Each structure stands twice: as structure tokens, then as C-alpha cells.
Amino acid sequence: MSDAPLTSDGAGARYLDTTQRMLAEAAQAESAAMSAAAQAVADALVAGRTLHAFGSGHSHILAEEIYYRAGGLKQVKPLLFEALMLHGSAQLATQLERISGLAAQLLDDHGVEAGDVLMVASNSGGNAVSVEAVQEARERGLVTIAVTSVGHATSPAARPTPHPKLHEVADIVLDNHGVPGDAAVPVEGAGTRLGPTSTVVGAALVNAVVAEAIERAAARGWEPDLWVSSALAIGDAANQGS
């Protein structure tokens, strides 16, 4: 086993450089959108409402990212539908996320109310279930936040769809600045690019939004109700009854 560091021109180093660059670009370019998203969540918290989070495929990771996390909001309710994840059948999940009409049923079962906020993550922005989740939520009086790659959604290389893209229907759009296809690092001999960036950048964006929302809501008199790491000695007692 080698303990030599990554070479500066190797694929690993290039992936880290690419991801850091994208995150820096997103942090600057999406500042206003993150502020708007944080304000929407803060308003919901002060009003006693809920932040819902949804994604299919790998994008469901972002819905889990802000759920039951140390320092995170207890008012997060992720919409986690196992058939749209990958641990059962990745191929089936890919087909299901393209089915029109599924989102309305999921929202009915999950339970949302006017005044809540729904955050939907979809890197491609082209799957029916994500687009319709936003459309349905807006009709039901929720503020909607999209986390997506506008670069992918508007690329001629994107899979054609008969419906709008996610960034075209959401109230607030957080662009992860990813490349079409998500994989961002060319590797000689691999035959394709590798190194997806959407999860890394997306997680940073949504955590920044939640942190900002908590601070803004607390400044308005809302009493923070946050998770404490269960790995700490005080964790179980602090989280008891939640």
C-alpha cells in the first residue's frame, strides 16, 4: 500500500480542484438565491411551518442531508420513497422518476400544507416526478426551492422531455454549476468523464441555506429547535422526545 500523496496532475487531485472551483463559483453566483431560500425557510419556521425535502435517484441524498443532522432543524420532513432510491433497483427507480402523476400521490401521502417550504433536488432537472412535485406544491400554497444544474438542463446533450425543466417552475433556484452529465473530470483511457460533483456542491448549498435560515429566524424571536449529535455524551438526552 502506497502512502504517497496524490499527484498534482492526477485524476483525484483534478476532481478536488474541479469541485472546489464549482463550489466557489456557486457560492458567489447563487448568493442572492441562497438568501431568498433562507428567507423563505426562516419565514416558515417563524410561522411554525415545515421544510420538506425531496429528490429521486442520487438526488435523494440531499433530502437526507438536512434531515436528523447534528446542528440541523427538527422541522425538516424528508419525502423518502424507497422505489425512487437506488438500493432496491436502480433501473426501476430511473423509470419511475419519469412517470407523470406520481408526484401528486406522493405529496398526498406525505402531507404538506400551505405555508410550508418544499426543497426539490434534481441534478438533471428533467424528471417528471421532480418537476411535478414543484408544480403540485406551488398549487398547494408552498414555496418551492430547486437544487439543480441549469447547465445540464439547458444543454442539447440533456435527455429530451415533454415537460418544463425544474429551474423553469420553481420559485427559487439554486444552481450547482455542474457540467452536463454531472461527471466532470476527463480521464485518459476511461472513455468518459468521471467524478460527479452534484452531491458535494448541492450539500454545501442546502446546508448554507439552512444555517442562514436558522440564524434569521432566531433573530426574529424563534427559538431554535435543533438536533444534537447522538455521538456526543449529551446527545441522547438532548434529542429525547423529538
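Ignoring ligands, DNA and RNA, please state the percent of accessible area on region 136-226 from carbon and sulfur, probe 1.4 Å. Can you show the working numbers first?
Working: 2300 of 4310 Å².
Here carbon and sulfur together make up 53 percent of the probe-accessible area.
For the chain, which longest stretch is free of loop sites, where a loop site is one of the GluC sites (Glu not before Pro) that DSSP puts outside H, G, I, E and B and that has at most 14 other Cβ atoms within 10 Å?
My reading of the result: 1-112 is the longest stretch.
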- Task: Taking the Cα centre of the chain as origin, sum charge times position over the Cβ atoms of Lys and Arg (+1) and Asp and Glu (-1), and report the length of that vector in debye to the nearest 20.
- Result: 180
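Taking a ≥ b ≥ c as the square roots of the eigenvalues of the Cα gyration tensor of region 120-242, is the shape rounded (a/c under 1.5), prolate (a/b larger than b/c) or oblate? Walk me through the numbers before you get to the answer.
Details: a/c = 2.73, a/b = 1.50, b/c = 1.82.
The shape class here is oblate.
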- Note on the structure: From DSSP H assignment alone, runs of 4+ in the chain each adding -39500 (n - 2.57), the sum over residues rounded to the nearest 500 puts [θ] at 222 nm at -13000 deg cm²/dmol
- Message: With both bridge residues required to lie in the chain, what share of the DSSP beta bridges run antiparallel, to the nearest 5%?
- Response: 20
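With the cut-off at 1.5 for a/c, could you classify region 104-190 from its C-alpha gyration tensor as rounded, prolate or oblate? List each step's numbers first, then the result.
Working: a/c = 2.54, a/b = 2.30, b/c = 1.10.
Prolate.
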- Normalised by the number of residues in the chain, what is the relative contact order in percent for Cα pairs under 8 Å and 6+ residues apart? 24
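If you roll a 1.4 Å probe over the heavy atoms of the protein chains, what accessible area per residue do you get for the chain, in Å²?
Ligands and nucleic acids excluded, the result is 49 Å² per residue.
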- Among 219-228, 50-59, 201-210, the order from most to least packed when residues are scored by Cβ within 10 Å on average: 50-59, 201-210, 219-228
- Global geometry of the chain, whether rounded, prolate or oblate, following the gyration tensor of its Cα atoms and the 1.5 cut on a/c: oblate
- What's the center-to-center distance, using Cα atoms, between region 194-235 and region 1-31 in Å? 23
- With the charge dipole of region 32-135 built from beta-carbon charges (+1 for Lys and Arg, -1 for Asp and Glu) about the Cα centre, the Cα from A47, L96, G72 projecting farthest to the positive end belongs to G72
- Message: Can you find, among P180, S229, A218, the residue sitting farthest towards the positive end of the charge dipole of region 85-242, where Lys and Arg contribute +1 and Asp and Glu -1 at Cβ?
- Response: P180
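The values are calculated or read from the model by the stated rules, or taken from the named source; none is laboratory data. What you are looking at is a predicted structure, and each value in this text was computed from that prediction instead of being measured. Note that each Cβ is placed from the backbone with ideal geometry, even for glycine, and that neighbours are counted across all protein chains shown. Remember, those area values only see protein heavy atoms, side chains included, never the ligands or the DNA or RNA. Shrake-Rupley method; radii C 1.70, N 1.55, O 1.52, S 1.80 Å.
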